[in-house]
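Throughout, read-outs are computed from the coordinates displayed, never taken from laboratory work. All values reported here derive from a predicted model rather than from experimental measurement. Counting neighbours? That spans all protein chains shown, and the Cβs are built from the backbone with ideal geometry, glycine included.
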Amino acid sequence: MDKGSHEPEYLSGQLLIAMPSMTDPRFTKTVIYLCAHNSEGAMGLVINKPIEEITFPDLLAQLQIQKSPPKDAISVLFGGPVEQARGFVLHSAEYIQEGTMRVNDKVGLTATVDILRDIAEGQGPKDKILALGYAGWGPGQLDAEIRENGWLHVAADDELVFGHELSSKWELAIQKIGIDPSKLSDVAGHA
């Protein structure tokens, strides 16, 4: 690439970390796995906000998937404010089916009912999270929010993405960058 070129840095497969100054309550202290980020926009899943009102067995019952009890129950997460009735499973890449989108060589995204059946039967991916809804940005929107100090980003790792300690993911993600969360200002433009 030419040194004079100003190609944007795309962050697919990385984690977005909400800054303390994030004013949108849906994204306060969130960690988002970016499934896609390119010139057309971005799409990701919040990976640290559980939905307390619905369980995996509840979801299976709503979808009329007869498995009780499911062999592999997982938490249901708030994936973001867009299409909240739609489910997405972010998972390890050893599980691939026709409807799977490969994010990279380690992670896939599947949004079919078949993956839920497979998880219930114990035949799903080794690592997985289930999210209802997603976070989405139009062309250039996420890039602008990053420039305005709304988000930090860091390389994803299996423990941050698939770990079960949801309440500590935000702090762990910030610390992975090498920042003490208590030193971050909640006022934009001030540290």
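What the table shows:
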| read-out | value |
| --- | --- |
| Net charge contributed by nearby residues that have their C-beta within less than 11 Å of Leu109 (K/R +1, D/E -1) | +2 |
| Trypsin sites (Lys or Arg not before Pro) restricted to the range 115-191 and DSSP loop, no more than 10 other C-beta within 10 Å | none |
| Furthest towards positive pole of dipole, Asn38, Tyr95, Ser167, structure part the chain, Cβ charges | Ser167 |
| Estimated FRET transfer efficiency when R0 is 41 angstrom, pair Thr23-Asp72 (beta carbons, to 0.05) | 0.65 |
| Check: the chain dipole with +1 on Lys, Arg Cβ and -1 on Asp, Glu Cβ, in debye | 200 debye |
| Net lengthening on full extension, Glu159/Ile54 (0.36 nm per residue, minus Cα-Cα) | 35.4 nm |
| Spacing of the two label points (7 Å from each Cα toward its C-beta) at Arg147 and Gln64, in nm | 5.0 nm |
| Which labelled figure in [x] 17.4; [y] 16.1; [z] 20.3 is Kirkwood radius over Cα pairs in Å, once derived from the coordinates | [x] |
